[in-house]
């Protein structure tokens, strides 16, 4: 790895302006979302979208979202956090153990298994959603949390990433010296390897978290019981109810404020953990 | 004799290590088989049957595939994916590469902040992204139409059937350009400076260095982003599915192959045909991704 930035280089104002203009494009929808969450329905329709209205209505709107339909939004949020949290921890553990084994052991059949797993990176998860639904429905797993957690535990790309990461992050000598000290293979994994694999694990965890948190198709198919919905399916339901006109215009600000609340946790997680996932992603991109 | 003991001991530790390795991969392999391979083969199996009003489910060979190959709705949806691959993916990856190179050049004020802002949409759920842009495009209180109105220009209907594909492309670009930028930027950061110190001494400019040194060096990362983008384009579902409620006629039943498969399975209840579409889709993606990788693999062999 390299380089602290070379500070003598001059900054370019043309390049800076171009990039900041692009950044504005990426930021504006979220700015709009925030501003719109602070408006009451009247202002939402009557005032310019990218500036505040006459009143600051954010907290009333949040209250409306949380109490709408007997507070189902709170339930959806808890569901989402539960599905995503369990899936991400599980996916990270499973992928770490497998990636570590592929990187550090040469066992009969390892090459064949690796090539099957790498090939599976190309399989689109959405192509699997329909057959998975049919299988789960005959096993009576639909309308249970497992319907969304089980498929989310498998991340072939996570295994690939951990494999690449482990092969450079855990030196062979360290494993050997552990063996000489009489430690078993699992002890070495728990006590030595896991600590060194930190950034890789956080990366797989975070991307599995985002994948499940943001998943829409799978829960849409799997759940017919509204109390099991994650936020994504719930918001989509409200939006279509609002658009079909069956509800009053108030539903617009409920959907907008609900959307605003739902984007906060992941943005915070990414900002907070950025040092880890940037290192982790660098590994995947390098050898990809 | 002592050699024999040593050899046996070596075999024992070898076997112990193999067992440990198998145990490490067992959880993943079980899940992989149950959640990936079984559904995949099951969908391949289902796709060979059809359900009739009279006679129930009967074997139909490749009937569903022949039907898909001549189904105008399915072919149109594939056509839209092809347009996305030809237009949206190059724009998005071009932008991502430009951002990554600009930030890596160290010539941008506040580059750390810019990088985060561009990346943030990736953390926004696709549903919320589609919802937001749907409102932004809309004529009720969308700022785009407000702005056109304010300067007295005719307001474009971004949700009409003429413009909707572009509107969907814009959502995908907004959502994923930053993710690709981060992958490319990480690869750029890993290039040793010595590689272009010499070029700088020789008087090569920034553009020259970017074109002849940086871009060729990060080719593996570029291929990775390309493959992910191809997979993503074929999987398109959330955006058209969300926009359907505000623009039903522009989106229709088969905007993307995935939306079509979903509607076939859950609205029209033609499961076998839906399975064939899903299976075909997976197959097409694997072939396209493989073809994309070919030139790279060949190049590496030559070197």
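Every read-out reported here was derived from the displayed coordinates using simple, explicitly stated rules and does not represent laboratory data. Values in this document were obtained by computation on a predicted structure and should not be read as measured data. Cβ sites come from the backbone with ideal geometry, for glycine too, and all protein chains shown count toward neighbours.
A few remarks follow.
- Cα→Cβ-extended label distance, 7 Å offset, between residue B:198 and residue B:12, nm: 5.4 nm
- Two-site FRET efficiency, residue B:91 against residue A:240, from Cβ-Cβ distance with R₀ of 22 Å, rounded to 0.05: 0.15
- Each label was represented as a point 7 Å from its Cα along the Cα-to-Cβ direction; for residue B:211 and residue B:267 these points are 4.9 nm apart.
- For the peptide B:136-144, the mean number of other protein chain Cβ atoms found within 10 angstrom of a residue's Cβ is 4.
- Longest to shortest principal axis, alpha-carbon extents of the range B:197-303, angstrom: 67, 35, 14
- Sorted fewest first by neighbouring Cβ atoms within 10 angstrom, B:155, B:120 come out as B:155, B:120.
- For the range B:53-209, the average shadow cast by the Cα convex hull is 17.0 nm², which is a quarter of the hull's surface.
- Per residue, the average separation of C-alpha pairs within less than 8 Å and at least 6 apart gives chain B a relative contact order of 25 percent.
- For B:66, B:78, B:213, order by how many other beta-carbon atoms lie within 10 Å, fewest first: B:66, B:213, B:78
- The range A:10-56, relative contact order in percent, only Cα pairs under 8 angstrom and at least six apart counted: 30 percent
- The helix-only estimate of mean residue ellipticity at 222 nm for chain A, built from DSSP H runs of length n ≥ 4 each weighted as -39500 (n - 2.57), is -24000 deg cm²/dmol after division by the residue total.
- With one equal scatterer per alpha carbon and no solvent term, the Debye-computed log10 I(q)/I(0) for chain A at 0.08, 0.14 1/Å reads -0.49, -1.13.
- Taking each residue as 0.36 nm, the span from residue A:118 to residue A:140 lengthens on full extension beyond its C-alpha to C-alpha distance by 4.8 nm.
- Kirkwood-based Rg to Rh ratio, the range A:1-102, C-alpha trace: 1.20
- Between 0 and 90°, nearest 10: helix A:198-214 axis offset from chain A longest Cα axis: 40 degrees
- Chain B - mean residue ellipticity at 222 nm from DSSP helices (-39,500 (n - 2.57) per run, n ≥ 4, rounded to 500): -22000 deg cm²/dmol
- Degrees separating the helix A:110-120 axis from the principal Cα axis of chain A, which is the longest one: 20 degrees
- FRET efficiency, 1/(1 + (r/R0)^6) with R0 22 Å, evaluated for residue B:23 and residue A:187 via beta carbons: 0.95
- Calculated P(r) tail over 23 Å for chain B, as whole % of Cα pairs: 70 percent
- Kirkwood-Stokes translational diffusion coefficient of the range B:170-242, alpha-carbon pairs, 10 °C, 1.306 mPa s, µm²/s: 112 µm²/s
- From least to most packed, judged by other beta carbons within 10 angstrom and beginning with the fewest, B:41, A:207 follow the order B:41, A:207.
- Backbone N within the range B:118-146 under 14 Å of label point (7 Å from residue B:155 Cα along the Cβ vector): B:135-146
- Surface/4 estimate of mean projected area, convex hull on alpha-carbon atoms of the protein assembly as shown, nm²: 33.6 nm²
- Inter-chain neighbour count for A:151-159: the average number of beta-carbon atoms from partner chains within 10 Å of each residue's beta-carbon is 4.
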